[in-house]
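See structure below.
Every read-out reported here was derived from the displayed coordinates using simple, explicitly stated rules and does not represent laboratory data. This structure is a prediction, so every number in the text was calculated from the model and none was measured. Here the Cβ positions follow ideal geometry from the backbone for every residue, glycine too, while neighbour counts run over all protein chains shown.
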Amino acid sequence: MKLGQKKIALMVVVMMLVGTLGFVDIQAAPITKAPFSKGVVVATLLNVRQGPSTQNKIVCTLKRGDTVIVHAQTGDWYIVSCPDGHVGASLAQYIKKFGTILPPISTANPTAKPIVKPTSKPASKPPIKSTPKPAIKPPANTNAGVTLSANEKLLIDKINAERAKVGLAALIPDAKLMKVGRLKAQDMVNKNYFSHQSPTYGSPFNMMKQFGVTYKSAGENIAGNNSITNAVAAWMNSPGHKANILSKNFNYTGVGVVASNVYGKILVQEFIQK
């Protein structure tokens, strides 16, 4: 079969699926041939949706080790047939070629990404170095009404313990920043993504501004792990994360810890300097 005929055949198959099962947003990215025809699910739980977007309804949920038929690819999504006969779109990163040996779920090496915004001034103007001054005591009502869950308290205690080792003052929970951290962690679980850029709130810095957080400099760490202790250890072994945790500039924090079917827990820590 010639290349042009293969493309036509693939489009016909996908159009039949679309017409029969009500796919939406299928035009968001070109439809191409998938790299394999049979796959295995590597995520703990994986939602299959009506179309290649987290905005579409879930048609079925697969478990780690389930096998699927992979019909085609559109952007970062595969068009798949589930074991129960449903057809839908699933994120390609969570489906590997059938026969792939699934590694054990590890808590020692969590997925994690750092982000830092050194200063609110233009990047072309480097910050002026000066002799560090004693931290200014925060207003009495800065963290008024902040109540921490056991997981949130553990995360902040672990971070402040690392700061204490190098003689840095403890980060203070800020009520508005706590709200940002909690909402960002929940959004990552709800929307099934792992990124500093939220489809709901935008960048961490835009999100802070949306919730009335003002700052001179700001940063964000995110991680996916079954263990808070292991997540903090992994951050401390990463130069980018460690720089946020041990920054002399940051003096306030907000965190979120939410249960995740994929990672065990999603952890978010926001940092700001006032």
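The convex hull around the C-alpha trace of the stretch 143-216, projected and averaged over every direction, spans 5.9 square nanometres. Go through 63/158; 153/242; 57/96; 191/248 and tell me which ones have a Cα-Cα distance over 25 Å in this structure. In this structure, 63/158; 191/248 lie more than 25 Å apart at Cα. Under 11 Å from a point 7 Å along the Cα-to-Cβ line of residue 76: which residues of the stretch 232-274 have their amide N that close? Answer for the stretch 232-274: none. Electrostatic tally near residue 262: other residues with Cβ closer than 13 Å to its Cβ, Lys and Arg +1, Asp and Glu -1, net +4. Of the peptides 72-80, 266-274, the ranking by mean beta-carbon count within 10 Å, highest at the top, reads 266-274, 72-80.
Under 5 Å between amide hydrogens, built in the peptide plane, is the criterion, and for residue 226 it picks out 265 among residues at least 5 positions away or on other chains.
Rounded to the nearest 20, the size of the Cβ-charge dipole of the stretch 159-274 about its Cα centre is 200 debye, with Lys and Arg at +1 and Asp and Glu at -1.
In the stretch 32-82, Cα pairs under 8 Å separated by at least six residues give a relative contact order of 40 percent. Considering every alpha-carbon pair of the stretch 184-274, the percent of pairs per 10 Å bin, from zero through the bin containing the longest distance, is 17, 49, 31, 2.
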